[in-house]
Amino acid sequence: MIYNGDYYKKDDRIEIINKKLYVYRLERVKLYKDDKILTSWNGMMIAAFAKAHKVLKKEKYLRAAENAVNFIEKHLIDKDDNIGVRYREGEVLRGGTLDDYAMYIWALIELYEATYNAAYLKRAAELNSKMKSLFWDDAGGGFFMNSVEGEKLIYNPKETHDGAVPSGNSVAALSIFKLSRMMGSAELEESAARQMQFLANSMADYPAAGTFTLLSAFFELYPSKEIVCLIKDEEDFKIIKDVLSKSARINNTVAVLRYSELERSGELFEFIRDYKLIGDKTTFYVCENKDCSMPFNDINKLKETADILG
């Protein structure tokens with residue numbers, strides 16, 4: 001390398017340049033950093049980590065997801081379940097939009113599907129009710145972007161475009177479908193159908209903008225299965241988690257519950273409150289189109305049941 005007419009080793013040349021750059025950076029005005037913690041983006045991150053843990057079985061992904069949930073619950077959600085937009089240096093911007101609610105609810109459902117911890121599903125159901133009260137348009141269907149309790153705007157949009165980031169309406173549709181099937185709720189099933197109709201109308205004009213909406217369409221258009229697993233002991237729980245993590249069907253939903261917790265969680269899983277263990281062993285129920293199989297104990301039968309694993 002040639003520098004100022006003299007020959008230098010390559011490493012020396014790089015060292016000189018680095019020193020000059022370092023001095024220059026110290027002397028110039030420092031750039032601003034965008035270090036806000038956004039609820040909606042963290043929701044997407046949590047969902048991704050939960051999926052990664054489910055597939056790859058790496059605990060570090062689960063820890064990252066759960067740590068983020070704990071942060072959001074502590075810093076970004078108030079005692080009335082109002083979700084904030086962002087957190088920075090102890091300050092929270094209140095007045096969360098549809099995206100903040102929808103992304104975080106989706107994250108909680110994905111975390112439930114990765115862990116089968118009923119607390120995550122319960123929290124998702126609570127916040128879904130809050131989201132509906134704040135954003136749902138009962139007259140025209142769909143969710144507004146801004147809360148009805150917020151500032152009165154000349155125009156309150158209903159975003160449906162799935163671009164680099166999916167729309168709040170698309171994510172909300174998927175979450176409501178999953179909640180309705182997991183919880184056996186006719187009210188949520190009706191809400192999901194109305195939301196899908198609203199999105200279908202917008203997709204008719206520009207189908208390419210509804211890529212995330214298609215995930216919800218699977219629930220509406222194709223046969224799905226609802227799988228209920230009543231767990232007798234922890235060893236069975238680990239085996240079943242491994243089996244279900246291989247599921248490739250987008251529109252299958254799974255409720256996994258320790259039998260000892262059934263009475264306590266009956267409000268959340270009301271439709272399985274009266275389900276029993278068969279032969280005092282871990283028991284499986286598989287339903288399709290409101291038609292349920294006879295309960296069985298054999299894990300191999302669960303694996304072999306048509307289409308459960310894709």
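The values are calculated or read from the model by the stated rules, or taken from the named source; none is laboratory data. The model shown is predicted, which means the values in this text are computed figures rather than measured ones. Cβ atoms come from the backbone with ideal geometry, glycine included; neighbour counts cover every protein chain shown.
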*Under 6 Å by Cβ, and 6 or more places apart or on different chains, what pairs join a residue from the stretch 282-310 that is farther than 20 Å from ILE231 by Cβ with one that is at pLDDT below 75 and assigned to a loop (DSSP other than H, G, I, E, B)?*
GLY310/ALA248; GLY310/ARG249
*So VAL171 clears everything in (1) farther than 21 Å from GLY96 by Cβ; (2) within 13 Å of the chain's Cα centre (by Cα) except one condition, right? Which one?*
(1)
*Picking from LEU199, LEU215, which residue would you name as being touching a Leu at 6+ places or on another chain (Cβ under 9 Å) and either assigned by TED's automatic domain parsing to the domain that holds ASP100 or buried (at least 18 other Cβ atoms within 10 Å of the Cβ) (or both)?*
LEU215
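Does ASN42 count as out of contact with any helix residue (DSSP H, G or I) (no Cβ under 6 Å at 6 or more places or on another chain) and polar (S, T, N, Q)?
Numbers: out of contact with any helix residue (DSSP H, G or I) (no Cβ under 6 Å at 6 or more places or on another chain): no; polar (S, T, N, Q): yes.
It is false that ASN42 is out of contact with any helix residue (DSSP H, G or I) (no Cβ under 6 Å at 6 or more places or on another chain) and polar (S, T, N, Q).
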*asked:* Please determine whether any residue of the stretch 70-81 is within 24 Å of ARG194 (Cα to Cα) and either surrounded by fewer than 22 Cβ atoms within 10 Å (Cβ to Cβ) or modelled with pLDDT of 95 or more (or both).
replied: no
_the stretch 243-281, subset in contact (Cβ under 8 Å) with a residue 60 or more places away in the chain and among the acidic types (Asp, Glu), residue farthest from ASP298 (Cα to Cα)_ = GLU270
*Look at the stretch 37-59 and say how many of its residues are in a helix (DSSP H, G or I), over 12 Å from the mean Cα position of the chain (by Cα) and either acidic (Asp, Glu) or under 15 Å from ILE72 (Cβ atoms) (or both).*
2
*For GLU159, all conditions in the list (1) over 30 Å from PHE271 (Cα atoms); (2) in a helix (DSSP H, G or I); (3) in contact (Cβ under 8 Å) with a residue 60 or more places away in the chain hold save one; what is the number of the exception?*
(2)
